[in-house]
1. What aspartates and glutamates sit close enough to LYS58 to cross-link, taking a C-alpha to C-alpha distance under 19 Å and skipping anything fewer than 8 places away on the same chain?
2. Straight distance only, please: which lysines reach the Cα of LYS103 with their own Cα at less than 18 Å, same-chain residues fewer than 8 apart left out?
3. For region 2-141, with the dipole built from +1 on Lys and Arg beta-carbon atoms and -1 on Asp and Glu ones, taken about the Cα centre, which of VAL25, ALA60, GLN116 lies farthest toward the positive end?
4. Taking the Cα centre of region 2-117 as origin, sum charge times position over the Cβ atoms of Lys and Arg (+1) and Asp and Glu (-1), and report the length of that vector in debye to the nearest 20.
5. Answer with one residue from TRP100, VAL48, MET35: the one whose Cα lies farthest towards the positive end of the charge dipole of region 2-117, charges on Cβ with Lys, Arg +1 and Asp, Glu -1.
6. Round to the nearest 0.05 the FRET efficiency obtained for PHE118 and SER27 when R0 = 41 Å and r is the Cβ-Cβ distance.
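FYI, it's all coordinate maths here, none of it is from the lab. Just so it is clear, the structure is predicted and the values come from calculations on it, not from any experiment. When we count neighbours, we look across all protein chains shown, and the Cβ atoms used for this are built from the backbone with ideal geometry, even at glycine.
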Amino acid sequence: MRFMMLMIPGVYQGKSGAELKEGFVPSAEAVSKMMKFNFDMGNAGVLVTLDGLHPAAKGARVSFNDGAGAVTDGPFAETKEVVGGYWIIKVNSKQEAIEWALKCPAEDGDAIEIRQLFDMEDFPEEVQEEVKSRHAEAGIEV
């Protein structure tokens, strides 16, 4: 099973997140602790990929209503939680994903949301065949 663990850092939330200075990066100590955690997952063979994200103030959101898209530049005042990074891991259960999340060197106010990713076999056979057909047309390996 594949899971996405979404890091929701406290520093990105609310008023303090909207006021982060241009060029904000986590401290060297925080990065070092997180790198050890990432290496531990890699050495255990569960890490598929990961990335950190810049603060929402540097992002944009495209929302859709009545078939049209509208662009809003960050920060996003109405957002309750801002994702700061993610890991995709491959483990045997949700409980195992939770156990990895509990090992994360998170700081006070941080949260990690764990969500299972859909795998092709989660879909009915007719959907799988349609996806395989479309991917073949586009030259994408399934």
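1. GLU19, GLU22, ASP73, GLU78, GLU81
2. The reachable lysines, counting only those whose Cα sits under 18 Å from LYS103, are LYS33, LYS36, LYS90, LYS94.
3. VAL25
4. That gives region 2-117 a dipole magnitude of about 280 debye.
5. Most positive-ward Cα: VAL48.
6. Using R0 = 41 Å, I get an efficiency of 0.70.
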